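For reference, the structure discussed in these notes is given below.
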2 protein chains.
Amino acid sequence: MSEYQHTCMIRGDNGQTLRAILDQICNKWTLLIVVTLDQGAVRFTDLHQQIPGISQRMLTLTLRNLERDGLVSRTAYPEAPPRVEYALTPTGQSLIPPALALAGWAIEHVPGIEASREAYRARIPR
Amino acid sequence: MSEYQHTCMIRGDNGQTLRAILDQICNKWTLLIVVTLDQGAVRFTDLHQQIPGISQRMLTLTLRNLERDGLVSRTAYPEAPPRVEYALTPTGQSLIPPALALAGWAIEHVPGIEASREAYRARIPR
DNA sequence: CGGCATCCCGTCTGATACTG
DNA sequence: CAGTATCAGACGGGATGCCG
């Protein structure tokens, strides 16, 4: 699909369903979790440690949403102590390249954006 | 920069500054406005009409943030009636490819995600 | 025309405590 | 270990009205 057709579709359906999906993807933790899961199957606690700042609650909720949307698979092993592994589905893996593209853009432009914000704050003190 | 280095950086700085920027980009309207501005300079009212569902308030706020971050330029023409045009800066234009990549992914996977949600709801009725 | 100010509500998020 | 439950605060976002 061409770039032009993409822009058409973005504005085509009034962005309703598209934005609904994008809202799900672009929340506080989703992209970070997806990228973290790129390494393979990861246990709940490991995820919790590899994503500093996330609360147990938000990790659970975000994983549930990702599972519901078919981007992440959840596998519980009936052992003691319990073990649950999360992994990307093929759909979830297909999100990696665009996610990295966006993350890469952000990383490359963080300095410029920060500088711009500084300048803006200096221009309008309050 | 390689893909590997990107993933490292994403997890490297604990995602703090990165997530801060990503949060700004991935809110409800930013990507849609940026893509809409890809056509060139657009007036406030035109933008308001081309992005159905957005309120005047959110259009203003989002444009201010984009201006503060140096992604969008705001040009006011001292005329009567007043005319204000918004356009992408070079930094803003550099966001277009990643934004389209993500939007393209969303468009391609909307059906699958919707289906997955349906199945999920059927599996867990309440 | 292109805003800004105000009010208000629903959602998101974090902290804490408890459970199979 | 891997969650769930509950509460409270922050925040996003819509509606409305006023202004240069």
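The values are calculated or read from the model by the stated rules, or taken from the named source; none is laboratory data. The shown structure was predicted, so the numbers you read here are calculated from the model rather than taken from an experiment. Cβ sites come from the backbone with ideal geometry, for glycine too, and all protein chains shown count toward neighbours. For accessibility, only protein heavy atoms count, side chains too; no ligands or nucleic acids. Shrake-Rupley method; radii C 1.70, N 1.55, O 1.52, S 1.80 Å.
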Taking the condition among the hydroxyl-bearing types (Ser, Thr, Tyr), facing chain B (nearest Cβ under 8 Å) and surrounded by fewer than 17 Cβ atoms within 10 Å (Cβ to Cβ), does A:Tyr77 pass? no
Which residue pairs have Cβ atoms under 7 Å apart, sit 6 or more places apart or on different chains, and have a first residue in segment A:78-96 that is free of Cβ contacts under 8 Å to residues at least 40 places away in the same chain and β-branched (Val, Ile, Thr) and a second that is more than 11 Å from DNA strand C (Cβ to nearest atom) and in a loop (DSSP other than H, G, I, E, B)? A:Thr89/A:Gly70; A:Thr89/A:Leu71; A:Thr91/A:Gly70; A:Thr91/A:Leu71
Exactly one of these conditions fails for B:Gln49: (1) within 19 Å of A:Arg19 (Cα to Cα); (2) loosely packed, with under 13 Cβ neighbours inside 10 Å; (3) facing chain A (nearest Cβ under 9 Å); (4) not small (Gly, Ala, Ser). Give me its number. (3)
Among the residues of segment B:3-37, which ones are more than 7 Å from chain A (Cβ to nearest Cβ) and either more than 16 Å from DNA strand D (Cβ to nearest atom) or at pLDDT below 60 (or both)? B:Tyr4, B:Gln5, B:Cys8, B:Gly12, B:Asp13, B:Leu37
Looking only at residues in segment A:80-126 that are more than 16 Å from DNA strand C (Cβ to nearest atom) and assigned to a loop (DSSP other than H, G, I, E, B), which one is surrounded by the most Cβ atoms within 10 Å (Cβ to Cβ)? A:Leu95
Using the structure shown, decide if B:Asp69 is modelled with pLDDT under 95, touching a helix residue (DSSP H, G or I) at 6+ places or on another chain (Cβ under 9 Å), more than 10 Å from DNA strand D (Cβ to nearest atom) and open to solvent by 60 Å² or more (accessible area, probe 1.4 Å). no
For A:Gly40, are the conditions met, namely being on the phi > 0 side of the Ramachandran plot and either modelled with pLDDT under 90 or not basic (Lys, Arg) (or both)? yes
Going by the conditions given, is B:Thr62 in a helix (DSSP H, G or I) and within 11 Å of chain A (Cβ to nearest Cβ)? no
